[in-house]
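Participant: Mind having a look at this structure? Questions to follow.
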Amino acid sequence: MIMARALVVYDTLKGATRAIGELIAKGLMDNGVEADVKKAVEIVKESDLAGYDAYIFGSATYHGEMMSSMKRVLFLAEKVRLNGKAGGAFGAYGWSGEAPRRIFDTMYHILGMRMVIEPLPLKSPSEPEAVKRAEEYGRVIAEKLTALP
Ligand SMILES: Cc1cc2nc3c(=O)[nH]c(=O)nc-3n(C[C@H](O)[C@H](O)[C@H](O)COP(=O)(O)O)c2cc1C
C-alpha cells in the first residue's frame, strides 16, 4: 500500500511552535502517515511544496499576526495547486493567538484546501495536556487521509 504523505511547516522564534509541529508529525507517523517537518525558511521554491496529501502549517503569534516567513509560504503556496488537499493549522501563543486561525482561513479561502480539522492554538505546548492534544491533532488528520472514501 502506498503511504499518505504530509508536510508540516512551522515558523517559530523561541521553539514552542516547532515543538507542536513535531508532536503533530508524531501523531501522523504513529497512525500510518509519512510526515516531513520543515521550518518555513526551508520552503523556498514551489517544488518544495509539491507531492503531499496533507499540509499542516503553523506559526507563533507575534503582535497579533503570524510570522512573516509563514506569510511568504502562503504566497508561494498560492502558486502551487493545493486545492482539495487536506489541511490543518497550528501555533503557540500567549493570550490572543490569531496566527493559527489566519493561516487556516487563508488555506481555505485562497488555496481552496479541504480543512479537515479546526485550527490548534496551544498556550503551553510542553504541558502533558497540550502534548496529548497536538499528537491527537496528527492522529485525526491521519484518519481523514487513510479513511476510505
Ligand atoms: C514581543 C512579543 C509579542 C507577542 N505578541 C503576541 C500576541 O499578539 N498574541 C499572543 O497570543 N501572543 C503573543 N506573544 C506570545 C508568543 O506567541 C508566545 O510566547 C509563543 O509561545 C511563542 O511561540 P514560539 O516559541 O513558537 O516563538 C508575543 C510574545 C512576544 C515576545
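Participant: Scanning the stretch 76-85 for residues that are in a loop (DSSP other than H, G, I, E, B) and of a type outside the set (Lys, Arg), which turns out farthest from Val44 (Cα to Cα)?
Facilitator: Gly84
Participant: Next question. Return the pair list, or none, for Cβ contacts closer than 6 Å from residues in the stretch 42-53 that are free of Cβ contacts under 8 Å to residues at least 40 places away in the same chain to residues that are in a loop (DSSP other than H, G, I, E, B), at least 6 apart or on different chains.
Facilitator: Partner pairs satisfying both residue conditions: Glu46/Lys79; Glu46/Val80.
Participant: Count, please, the residues in the stretch 86-132 that happen to be within 16 Å of Met70 (Cα to Cα), in a loop (DSSP other than H, G, I, E, B) and open to solvent by 40 Å² or more (accessible area, probe 1.4 Å).
Facilitator: Of the residues in the stretch 86-132, 2 are within 16 Å of Met70 (Cα to Cα), in a loop (DSSP other than H, G, I, E, B) and open to solvent by 40 Å² or more (accessible area, probe 1.4 Å).
Participant: Are any of the residues in the stretch 65-75 in a strand (DSSP E or B) and either surrounded by 20 or more Cβ atoms within 10 Å (Cβ to Cβ) or within 16 Å of the ligand (Cβ to nearest atom) (or both)?
Facilitator: So far as the stretch 65-75 goes, yes, one or more of its residues are in a strand (DSSP E or B) and either surrounded by 20 or more Cβ atoms within 10 Å (Cβ to Cβ) or within 16 Å of the ligand (Cβ to nearest atom) (or both).
Participant: Restricting the stretch 17-41 to residues that are of a type in the set (A, V, I, L, M), surrounded by fewer than 21 Cβ atoms within 10 Å (Cβ to Cβ) and touching a residue at least 40 places away in the same chain (Cβ under 8 Å), which is farthest from Glu65 (Cα to Cα)?
Facilitator: Met29
Participant: Let me ask something else about it. Can you name every residue in the stretch 46-63 that is of a type in the set (A, V, I, L, M) and open to solvent by less than 20 Å² (accessible area, probe 1.4 Å)?
Facilitator: Selection gives Leu49, Ala54, Ile56, Ala60.
Participant: Let me ask something else. Hey, can you tell me all the residues within the stretch 1-31 that are away from the ligand (no atom under 16 Å from the Cβ) and modelled with pLDDT of 95 or more?
Facilitator: Ala4, Arg5, Ala6, Leu7, Lys26, Gly27, Leu28, Met29, Asp30, Asn31, listed by residue number.
The values are calculated or read from the model by the stated rules, or taken from the named source; none is laboratory data. All values reported here derive from a predicted model rather than from experimental measurement. Note that each Cβ is placed from the backbone with ideal geometry, even for glycine, and that neighbours are counted across all protein chains shown. Each accessible area value is taken on the protein alone, full model and side chains, heavy atoms only, with ligands, DNA and RNA left out. Shrake-Rupley method; radii C 1.70, N 1.55, O 1.52, S 1.80 Å.
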